[in-house]
Amino acid sequence: MSRLVCVPVSVCAVLLSVSCSAGDGPYLIRGTARLPSCTTAPAIDMSGTRWFDSGTVTITSAGCEGTHLGESIPSCALDWVVVAHEGNDVTFIVDNEYRVLGRLCGDALHLEGGWWLPVEDGAAGCTYADDSAAEVGIQDEASTLAVISADEIRGRLALQQQCSADYDVTLRRKPF
């Protein structure tokens, strides 16, 4: 399946999304990250919670037109809703459209999947326009966030689309 997606700074590209799930329901975009085995009890209960992400995306390779190596771009917040937390396994629905799988091992949240990641569009800020975002997959090099408190989780995620990027992200719990 091909989907038309756009990369930061208003430049469109076709991304082959062969790893997306077929049919209705939230998409599961596969990066290279996979969830590890885990028997350590979760540090927090994430059942029925909602989170917003914020952070900075830093371009780490060539390939995304309109960006340059080392460029840092602020992200725009999206809803991350926990729809299931059973044992160590957590399922997020991001922006009502993408499924991100998690495994909470003690105070480490391992993630697998991907989502539509919007970034600030220059002086316009967070427009959430299609040309200010890209579908990204979480990569194995950095796929674990640290539980700082019951209301904050943060760390660095390695992401891949047309180019590679690091996302220094903080998830903050928000009331429904």
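Given +1 at the Cβ of Lys and Arg, -1 at the Cβ of Asp and Glu and no other charges, the dipole of the chain around its Cα centre is 300 debye to the nearest 20. Remark: LEU157, LEU69, LEU78, LEU35 ranked as LEU69, LEU35, LEU78, LEU157, counting other beta-carbon atoms within 10 Å and listing the fewest first.
Along the axis of the charge dipole computed for the range 2-174 (Cβ charges of +1 for Lys and Arg, -1 for Asp and Glu, origin at the Cα centre), the listed residues CYS38, GLY122, GLY70 are led at the positive end by CYS38.
FYI, it's all coordinate maths here, none of it is from the lab. What you are looking at is a predicted structure, and each value in this text was computed from that prediction instead of being measured. Positions of Cβ are generated from backbone atoms using ideal geometry, with glycine treated the same way; all protein chains shown enter the neighbour counts.
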